[in-house]
1. Out of the range 85-136, which residues are more than 30 Å from A21 (Cα to Cα), open to solvent by less than 100 Å² (accessible area, probe 1.4 Å), modelled with pLDDT of 75 or more and not in a loop (DSSP other than H, G, I, E, B)?
2. Mind checking whether some residue in the range 69-84 is over 29 Å from D23 (Cα atoms), surrounded by 11 or more Cβ atoms within 10 Å (Cβ to Cβ) and aromatic (F, W, Y)?
3. Collect the residues in the range 138-164 that are surrounded by 17 or more Cβ atoms within 10 Å (Cβ to Cβ) and among the polar types (S, T, N, Q), keeping them in residue-number order.
4. Tell me whether the range 29-47 contains one or more residues that are farther than 23 Å from D141 by Cα, open to solvent by 60 Å² or more (accessible area, probe 1.4 Å) and modelled with pLDDT under 85.
5. Looking at the range 50-57, is at least one residue surrounded by 11 or more Cβ atoms within 10 Å (Cβ to Cβ), outside any loop (DSSP other than H, G, I, E, B) and modelled with pLDDT of 80 or more?
6. So, in the range 112-169, how many residues would count as being of a type in the set (D, E) and without any contact (Cβ under 8 Å) to a residue 24 or more places away in the chain?
7. Is one or more of the residues making up the range 138-148 acidic (D, E) and in a loop (DSSP other than H, G, I, E, B)?
Amino acid sequence: NYATSMTKTGNVGVQWGDADAADFYSIYPSSASTALKVSGEGVTTTLHVDATQFASTSTKNNGISDYFYAQPAEMGNVVMYAKATASKTDPAVELHYTPFSTVLEFEINASNEVVAGKQTEITIQSLTLTAPNETTIIAGDFGFTFPTGESTTPSITPAATGTSNTITM
């Protein structure tokens, strides 16, 4: 919707063809590995979710005691997609994103009991998130094929190799 005042910073940008309407596709986050490609009647891309993810740990105080938390999540693993059809006369192209993967927040409670003058401690080396039986793949490479026409839902196919039904943090 800013095309009349847009300053292009390279060869990439909105370029309207001769058609009165066009389909717009978007993947977030964008990287070289998420390039959209025209393939026959559809548009395809490959998206990746890491099977091992890391976060920084910090200390916070909840008003009662100090506690550790891991944040921020690796946002490159939070994948969303969108497809919209717009015409030349539309004032803006509205993309409504659908999450493919997301951030989970969880809390682990442990005793803060003091025994013999020493506070008990808990050490967490790693956590493993395992998909339910109905969901076989939650990490690795996924092929997305956006259909032509009105449907905004892509077909999603896990890669043949390098996929996992667990994510280790």
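1. Selection gives V114, V115, T128, L129, T130.
2. So far as the range 69-84 goes, yes, one or more of its residues are over 29 Å from D23 (Cα atoms), surrounded by 11 or more Cβ atoms within 10 Å (Cβ to Cβ) and aromatic (F, W, Y).
3. Residues satisfying the conditions are T152, S164.
4. no
5. yes
6. 3
7. No.
The values are calculated or read from the model by the stated rules, or taken from the named source; none is laboratory data. Note that the coordinates shown come from a computational prediction; the quantities given were computed from them, not determined experimentally. Counting neighbours? That spans all protein chains shown, and the Cβs are built from the backbone with ideal geometry, glycine included. The accessibility values were calculated without ligands, DNA or RNA, using every heavy atom of the protein model including side chains. Shrake-Rupley method; radii C 1.70, N 1.55, O 1.52, S 1.80 Å.
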